[in-house]
Amino acid sequence: MLSRMEKEIYYHDYLRLNQLLNTQQLVSSEKNTVAAHDEMLFIIIHQTYELWFKQILYEIDSAIEIMKQPTINDNTPELQTVVHRLNRVATILKVLVHQIDILETMTPMDFLEFRDMLRPASGFQSWQFKILEAKLGLKFEDRHAREYYTFQLQQPEIDLIKKAEQEKSLKHVVNTWLERMPYFDDMTNWSDFKSFSSEKTIHPFWNTYRECYRNSLAEAEKNNLQSFDTIFIEGKESGQFSAKASRAALFIMLYRGYPIMHLPFELLNNLLEIDEQLSTWRYRHMNMVHRMIGTRIGTGGSTGRDYLGDALNKHYVFKELAQLTSFLIERSKLPQLPSSLIRHLSFNM
């Protein structure tokens, strides 16, 4: 029972339904005698998108806050919390993709009933989505049509995007976290490792793995060995994972069967899923725009389908993780890890 001093909470008050359900103002009802029926659907879909963007930003911010710590204790729930929240982000993005199915119940002529009344409003002006891209790790210099990406936004919104670009992104903190993998720093873990090479320039494990990888390549794939050296030995280009972080990520993928590697693998897999779902959303959005307006320009002045297609190809944030599959070998041919290291990778040993 609530005490007399406590105020009872009702569903509609808690969700502020009076405010929420009165935010759908149809432009067509103000300009025409009869409102365009499908404008209500158009507004609700896009308002829902913005609400989900807010939730995604909430989850990403919390993940960054945990990951940017100098150390993360594997014996605490912190890494599990990050994995759980990133999985939630990926699941929300799947919902955003499926919302396009609902939007596509609107025909092109239904859309034309109110489309011209929206100018210059456009989804291109979604500042929350641009902040999301920045927080994930999309750099300004890697944006498509970056000279227009804050086009028609108001200054407070531009300031928020610029602030997000200057802060540590999820990609940045994941790179730092990967670089802290301790297993290659202490050579006592490798005292009984049987290396295929006496080369001293890199760790004996990576010398051995490089040889295993070289032997796995078909004749037409021999150039991949140079890519291996560029990514895992020589270092990173601006905005990419470092060589040390890339080696750690590949090691996690190769030996994810060991208990201590389960959560790190799930974290990397969630990042790949987020990128894939964002790509799927852009692809579906591009095709929907082509279906709705053909080759006409967007209401915000963009080139419509062409802009979305170019952004689709350029705005992968975790492309380096996706490319790691090019450097995997058969599980049966993996180098045998030394027993001293296996003890670190296992539970209760």
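Placing unit charges on the Cβ atoms of the charged side chains and taking the dipole of segment 39-345 about its Cα centre, the candidate lying farthest along the positive direction among Trp52, Asn313, Met261 is Met261. For Gln152 and Glu30, the difference between the fully extended length at 0.36 nm per residue and the C-alpha to C-alpha distance is 41.6 nm.
In vacuum, with every alpha carbon of the chain counted as one equal point scatterer, what does the Debye formula give for log10 I(q)/I(0) at q = 0.11 Å⁻¹? Two decimals, please. One equal scatterer on each Cα of the chain leads to -0.86. Reported value for segment 13-112: 130 Å³ per residue, from the convex hull of its C-alpha atoms. Once C-alpha pairs closer than 8 Å and six or more residues apart are averaged by separation and normalised to the residue number of the chain, the relative contact order reads 22 percent. Would you mind checking the pairs Lys54/Lys319; Lys54/Lys162; Lys94/Lys130; Lys54/Lys314; Lys94/Lys319 and listing those with alpha carbons more than 21 angstrom apart? Exceeds cut-off: Lys54/Lys319; Lys54/Lys314. The C-alpha atoms of segment 30-72 occupy a region whose extents along the principal axes are 63, 14, 6 Å, arranged from largest to smallest. Specify the longest stretch of the chain that does not include any exposed loop site, a site being one of the trypsin sites (Lys or Arg not before Pro) with a non-H, G, I, E, B DSSP assignment and at most 10 other Cβ atoms within 10 Å. Looking at the chain, 17-193 is the longest stretch - no exposed trypsin sites (Lys or Arg not before Pro) with at most 10 other Cβ atoms within 10 Å. Once each of the GluC sites (Glu not before Pro) sitting in a DSSP loop with at most 11 other beta-carbon atoms within 10 Å is removed, the chain keeps 9-236 as its longest stretch.
Taking the charge dipole of segment 66-127 about its Cα centre, with +1 at Lys and Arg Cβ atoms and -1 at Asp and Glu Cβ atoms, the residue from Leu112, Gln125, Ile100 reaching farthest to the positive side is Gln125. Here r is the Cβ-Cβ distance between Glu234 and Glu65 and R0 is 35 Å; the resulting FRET efficiency, rounded to 0.05, is 0.60. Rounded to the nearest Hz, the phi-derived 3J(HN,Hα) couplings of segment 214-230 under the Karplus curve 6.51 cos²θ - 1.76 cosθ + 1.60 (θ = phi - 60°) are 4, 5, 8, 7, 6, 4, 6, 9, 4, 5, 4, 5, 5, 5, 4, 5, 5, where x marks glycine and proline.
Using a cut-off of 14 Å between beta-carbons, work out the net charge of the residues near Gln152 (Lys and Arg +1, Asp and Glu -1, Gln152 not included).
Spelling it out: positives minus negatives among the neighbours equals 0.
Normalising the Debye intensity of segment 114-178 to I(0), with uniform scatterers on Cα atoms only, and taking log10 at q = 0.11, 0.29 Å⁻¹ returns -0.30, -1.29. Put a plus charge on the Cβ of each Lys and Arg, a minus charge on the Cβ of each Asp and Glu, and nothing anywhere else: the dipole of the chain about its Cα centre is then about 360 debye. Applying 1/(1 + (r/R0)^6) with R0 = 25 Å to the Cβ-Cβ distance of Lys194 and Leu328 gives a FRET efficiency near 0.75. Here's the list of aspartates and glutamates a cross-link from Lys68 could span, going by alpha-carbon distance under 15 Å and ignoring same-chain residues fewer than 8 apart: Glu59, Glu78, Glu167, Glu179.
State the extension gain, in nm to one decimal, for the chain segment bounded by Gln80 and His12, taking 0.36 nm per residue of separation less the distance between their alpha-carbons.
Answer, rounded to one decimal: 21.1 nm.
Among Tyr209, Tyr149, a tally of other beta-carbon atoms within 10 Å of each Cβ gives an order, fewest to most, of Tyr149, Tyr209.
Taken together, the values in this text are just the output of simple stated rules run on the coordinates, not laboratory data. Worth saying up front: this structure is predicted, and the values here are computed from it rather than measured. Cβ atoms come from the backbone with ideal geometry, glycine included; neighbour counts cover every protein chain shown.
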